[in-house]
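Notes to accompany the following structure.
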Amino acid sequence: SFERYFHFKNDYDYTVYIDNDVYVFPNADPLPEIEGLRNVREPEGNSSRIFREVNNLDNSYNYYNSGVTFCDKLTANNLADYMIDRLKNKIRAKGKNSDNMMLNEFIIENKKIFREIGFEWNYMPFLPNAKKIEKPNFFHFVGIAGKEIINKLQNQNINIENFLNEIRNK
């Protein structure tokens, strides 16, 4: 999924990136104000623990998921430059070498332009420690369980919206 950052280098006023395993509800709220970089905090888990350990951070530092990313034009271009520079110079992420870890390293270096957005914009119920929310706008099928469910829905031709409404009402 690293290739997304090549597309952040653009002339759009705003860039909204959504992973291909994210379902956008038809009745989703209008997008929040986009200024700087905005991401959703990932529920506490192995990735957040590793991120804090390798960067010598205390538990007050959150770890953010890159699966839904909102940014303004300047930030999108800066983020693209940062990621592409790291690729060209073979600068790996600390801990797990993932674009998610690299995004969080970018956030550390650019705290002033970053704002956390609510879980409703990247609801990740399949991750350990995820909190249940009533009305997500975007539903992220992240993790092994999420991928298994997507495959089952597709293989059995099950309507995703009906499935999500059914589990949301439980």
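When the surface is traced with a 1.4 Å probe over the full set of protein chains, Asp58 keeps roughly 90 Å² accessible. Result for the chain in a Gaussian network model with C-alpha springs under 10 Å: among Asp81, Asp13, Asp21, the largest mean-square fluctuation is at Asp13.
First check a/c for the stretch 118-170, with a ≥ b ≥ c the square roots of the eigenvalues of its C-alpha gyration tensor; if it is under 1.5, answer rounded, and if not, answer prolate when a/b is larger than b/c or oblate otherwise. Oblate is the answer for the stretch 118-170, as a/c is 1.5 or above yet b/c matches or exceeds a/b. Within the listed set Ser47, Ser66, Ser98, the residue fluctuating most in the Gaussian network model of the chain (springs between alpha-carbon atoms under 10 angstrom) is Ser98. Once the Cβ-Cβ distance of Lys131 and Lys94 is raised to the sixth power relative to R0 = 30 Å, the FRET efficiency obtained is 0.65.
Probing with 1.4 Å while keeping every protein chain in the model, the per residue accessible area of the stretch 1-107 equals 51 Å². Let me make sure I get this right: for the chain, a, b and c are the square roots of the gyration tensor eigenvalues over alpha carbons, sorted descending. Under 1.5 in a/c it's rounded, otherwise prolate if a/b > b/c, else oblate. Which is it? The shape class here is prolate. I'd like the distance separating the alpha-carbon centroids of the stretch 5-24 and the stretch 42-104, in whole Å. Measuring centre to centre over Cα atoms gives 16 Å. On full extension, the segment bounded by Val24 and Asp58 gains 8.9 nm, given 0.36 nm per residue less the C-alpha separation.
Just the protein heavy atoms count here, and of the accessible area of the chain at 1.4 Å, carbon and sulfur take up 49 percent. For the options Ala80, Ala93, Ala28, a Gaussian network treatment of the chain with springs between C-alpha atoms closer than 10 Å singles out Ala28 as fluctuating the most. Residue ranking by accessible heavy-atom surface, 1.4 Å probe, largest first, among Tyr17, Tyr5 comes out as Tyr17, Tyr5.
Count the DSSP beta bridges whose two residues both fall in the chain, then state the antiparallel fraction as a percent rounded to the nearest 5.
The answer is about 70 percent antiparallel.
For the stretch 26-85, rounded, prolate or oblate, judged on the Cα gyration tensor with a ≥ b ≥ c (square roots of eigenvalues), a/c < 1.5 rounded, else prolate if a/b > b/c? Oblate, because a/c is 1.5 or more while a/b does not exceed b/c. Along the chain, counting only GluC sites (Glu not before Pro) with a DSSP assignment other than H, G, I, E or B and at most 16 other Cβ atoms inside a 10 Å radius, the longest segment between sites is 45-133. Between Glu161 and Ile84, the simple label model (points 7 Å from Cα in the Cβ direction) yields a spacing of 3.8 nm.
The values are calculated or read from the model by the stated rules, or taken from the named source; none is laboratory data. Keep in mind the model is a prediction, meaning the values are calculated, not measured. Don't worry about glycine lacking a Cβ; one is built from the backbone with ideal geometry, like all the others, and counts go over all protein chains shown. SASA here: full protein model, heavy atoms, side chains in, ligands and nucleic acids out. Shrake-Rupley method; radii C 1.70, N 1.55, O 1.52, S 1.80 Å.
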